[in-house]
Amino acid sequence: MMDRIMKVLPQDVVIYIFLMLPVKSLLRFKCTCKTFCNIINSSTFIHLHLHCSNDELILFKHSIKQEEDDLFKNILSFLSSEENCFDFKAVSPDFDVPEVTTTSACVFVQVIGPCNGLIAITDSFATILFNPTTRHYRSIPACPFGIPKRYRRSISGIGFGYDSIQNDYKFIRISEVYEDYMDKDMKVDIFDLSTDCWRELNGQQVPLVFWTSCSEILYNNACHWFASTDDTIILCFEMNTEEFYHLELPESCHWYDGKSDGLIIANNCLSYIRYPDPLSDRPAEVLIDIWIMKEYNKRESWIKRCSIGPITIDTPLAVWKGDLLLLQTKNGDVIGYDLNSHEIRDLNLYGYPRSWRVVIYKESLTPIPREGDTILVKKF
């Protein structure tokens, strides 16, 4: 039957039809005939399908405490909603995250991406690479590099991205190695998926990176973290060149303001959120400021989109559909704030306090290479 279809329809017509289909349908077509399987598995088709789709989905990571053993379960939920709609609905069943911590440290589990439809989930020690559409995943080996006796290591930043020159996915780990807190040495390690090996990156000065739950953003082929010099900066690592650079924050924003820092993507721009420190006892009248960098890596292009509140939150999470700001409350709920109408609603999403993370992604057929496999990503 399928062979007869291929004889009637030119291959480019079949490809055009396939590009309009969701991944779930394409996975079924792969099983019908070898020709369809070869088309759908090709790196060219996978790339085209990813970039033809305009439909975005939202991945929520949260944790719940299990009463029977006091351990935590880390859960991924896959949701969507119509534009300007607070009503989120599941597009597929929940997924229990394997391998990452099941202790109360689950509040530090980060979700990084997407990158060609793939995301990284990490507690800084265990890391998995995951395709949220196909639900295929693999674990990343632990970094083997040790430290001298009497020294300690503190992992302060994790990154994930794709090197289009080497055709390789990479993980980057930034850590502080110290004997005492006054003398810290910053170390950078990189994992190359193509070789399944870690290596040390030397020769670059790296400032002190500090962890926030709303950072470790992949944007413009670079990983982004907050770091400290004379003031707070955004530290960036370019995946192709493996070089660090930094972005300066808006001139009116400083570390001594007493606010917390967050990074999100809004309207395809890197955006910076200043929000009340959830651990502070400052007055509740403190507003949440949202800044957008209209032209990447140009400080003068920062513009303040708005100031909202006062709202008592724990952390910002993401901006959905350009206008719906998702926020995590101190008791583990998720609320939505419409940046146009200023309407606030509870989204009926509940989890362990401080455990929520959000990634907005598109459906993707991108395969996850096993050890020794060739990475198939179409280059242009």
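What is the local net charge at residue 289, summed over the other residues whose Cβ is closer than 9 Å to its Cβ (Lys, Arg +1; Asp, Glu -1)?
My count for the surroundings of residue 289 gives +4.
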Compare the peptides 335-343, 146-154 by average per-residue count of other Cβ atoms within 10 angstrom and give them in order, highest first.
335-343, 146-154
Would you mind counting up the charge near residue 332? Only other residues with Cβ under 9 Å from its Cβ, with Lys and Arg at +1 and Asp and Glu at -1.
0
Quantify, in whole percent, the carbon and sulfur part of the accessible surface of the stretch 221-350 (1.4 Å probe; protein heavy atoms only).
46
Per residue, how much accessible area does the chain show when a 1.4 Å probe rolls over the protein heavy atoms, in square angstrom?
49
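Under a Cβ-Cβ cut-off of 11 Å, what is the net charge of the residues other than residue 355 that fall near it, where Lys and Arg count +1 and Asp and Glu count -1? Don't skip to the answer; put the middle values down first.
Details: positive: 61, 65, 73, 354, 357; negative: 314.
Charge balance near residue 355 sits at +4.
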Applying a 10 Å radius around every beta-carbon, put 241-252, 24-35, 220-231 in order of their mean neighbour count, most first.
220-231, 241-252, 24-35
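For the stretch 249-349, give the share of DSSP beta bridges that are antiparallel, in percent and rounded to the nearest 5; count only bridges with both residues there.
100
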For the chain: relative contact order, % (alpha-carbon pairs under 8 angstrom, 6 or more apart)
17
Listed residue (265, 220, 246) projecting farthest to the positive dipole end of the stretch 209-292, Cβ model:
265
Separation between Cα centres of the stretch 79-154 and the stretch 235-308, rounded to whole Å:
23
What is the mean projected area of the alpha carbon convex hull for the stretch 249-349, to one decimal in square nanometres?
6.4
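What dipole magnitude, in Debye to the nearest 20, does the chain give about its Cα centre under +1 on Lys/Arg Cβ and -1 on Asp/Glu Cβ? Please list the in-between numbers first.
On the way: 38 positive and 51 negative charges, 262 e Å.
Charge dipole of the chain: 1260 debye, to the nearest 20.
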Accessible surface of residue 211 in the full protein assembly, 1.4 angstrom probe, to the nearest 10 Å²?
80
If I compute Rg and Dmax of the Cα atoms in Å from the structure I just sent, which labelled value in (1) 19.1, 60; (2) 25.2, 117; (3) 21.7, 73 lines up?
(3)
To the nearest 20 debye, the stretch 169-289 has a Cα-centred charge dipole, built from +1 on Lys and Arg Cβ and -1 on Asp and Glu Cβ, of 360
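The values are calculated or read from the model by the stated rules, or taken from the named source; none is laboratory data. Given the structure is predicted, the values throughout are model-derived calculations rather than measurements. Every residue, glycine among them, receives a Cβ derived from its backbone with ideal geometry; neighbour counts consider all protein chains shown. Surface accessibility is based on the protein's heavy atoms, side chains included, excluding ligands, DNA and RNA. Shrake-Rupley method; radii C 1.70, N 1.55, O 1.52, S 1.80 Å.
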